[in-house]
Amino acid sequence: KAGVTQTPRYLIKTRGQQVTLSCSPISGHRSVSWYQQTPGQGLQFLFEYFSETQRNKGNFPGRFSGRQFSNSRSEMNVSTLELGDSALYLCASSSTATSGVDTQYFGPGTRLTVL
Amino acid sequence: DQQVKQNSPSLSVQEGRISILNCDYTNSMFDYFLWYKKYPAEGPTFLISISSIKDKNEDGRFTVFLNKSAKHLSLHIVPSQPGDSAVYFCAASEKGAQKLVFGQGTRLTINP
């Protein structure tokens with residue numbers, strides 16, 4: 001089975017712009033979660049989508065948003081980019097059903113640099 | 001408030017010996033715990049997990065121990081190999097929530 005894929009792998013943007021990152025989960029996985037990794041804050045949870053609905057949300061401003069499509073693929077969007085948004089953005093998928101917790105498998109990440 | 005803590009930023013171990021990585025948590029609602037291994041600029045790779053109904057789980061060279069009363073878990077790697085050199089993260093989630101809370105990571109170096 002193919003793993004979680006994320007595109008693009010690297011991205012350079014300037015302050016004030018917006019960006020969209022894409023994630024394709026492992027085949028059959030219906031839950032997709034997004035995380036941000038920075039040197040100062042470590043790995044932090046952004047949000048989780050299941051069946052096209054946001055099921056969990058972390059403590060990030062409204063500039064960070066996401067969505068999930070009927071094929072479980074997910075996108076996250078960051079509007080009005082700030083320098084502090086420079087980070088590795090990671091997507092993870094799991095096969096969890098409507099309840100319960102399952103292991104999350106991560107993609108390689110998208111390295112976003114904001115200039 | 002850091003709910004998951006890895007107090008050792010780094011650990012150096014001789015090849016062939018045992019590596020023990022530790023993790024403490026404060027949230028008593030956590031009931032599922034995982035260990036991930038990570039290389040720079042890559043996504044975390046899942047190693048092993050444990051549910052709160054167990055106190056030990058083994059998978060090959062990796063064993064995770066959970067002490068619920070102490071809110072402490074540890075990862076044992078035996079024997080340690082040079083390829084084990086990486087940053088290790090412990091993570092936890094509450095029942096029914098696909099939201100992982102990560103520790104800050106421990107950089108493990110295996111010396112030949």
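The values are calculated or read from the model by the stated rules, or taken from the named source; none is laboratory data. The model shown is predicted, which means the values in this text are computed figures rather than measured ones. Virtual Cβ from ideal backbone geometry, glycine too; neighbours counted across all protein chains shown. Heads up: the accessible areas ignore ligands, DNA and RNA and are worked out on the full protein's heavy atoms, side chains in. Shrake-Rupley method; radii C 1.70, N 1.55, O 1.52, S 1.80 Å.
Dipole magnitude for the protein assembly as shown: computed about the Cα centre from +1 point charges on Lys and Arg Cβ and -1 point charges on Asp and Glu Cβ, it is near 240 debye.
Cross-link partners for A:K13 among the aspartates and glutamates, with Cα-Cα distance under 18 Å and sequence neighbours closer than 8 places in the same chain left out: A:E75, A:E82, A:D85. What's the buried accessible area, both sides, between B and A using a 1.4 Å probe, rounded to 100 Å²? Interface area, both chains combined: 1800 Å², rounded to the nearest 100. The GluC sites (Glu not before Pro) of the stretch B:4-104 meeting both criteria, a DSSP state outside H, G, I, E and B (loop) and at most 16 other C-beta atoms within 10 angstrom of the site's C-beta, are B:E15, B:E42. The portion of the accessible surface of the stretch A:40-96 made up by carbon and sulfur, rounded to a whole percent, is 43 (1.4 Å probe; DNA, RNA and ligands excluded). When the alpha carbon coordinates of chain A are projected onto the principal axes, the ranges are 39, 27, 26 Å, largest first. Would you please classify the overall shape of the stretch B:5-45 from the alpha carbon gyration tensor, given that a ≥ b ≥ c denote the square roots of the eigenvalues, rounded means a/c under 1.5, and beyond that prolate means a/b larger than b/c while oblate covers the rest? Oblate, because a/c is 1.5 or more while a/b does not exceed b/c.
With every protein chain in place and a 1.4 angstrom probe, the accessible-area ranking of B:I53, B:I20, A:I26, largest first, reads B:I53, B:I20, A:I26. Put simply, the C-alpha atoms of the protein assembly as shown give a gyration tensor, and the ellipsoid matching it has half-axes of 29, 20, 16 Å, longest first. Protein heavy-atom accessible surface, 1.4 Å probe, per residue over the protein assembly as shown: 47 Å².
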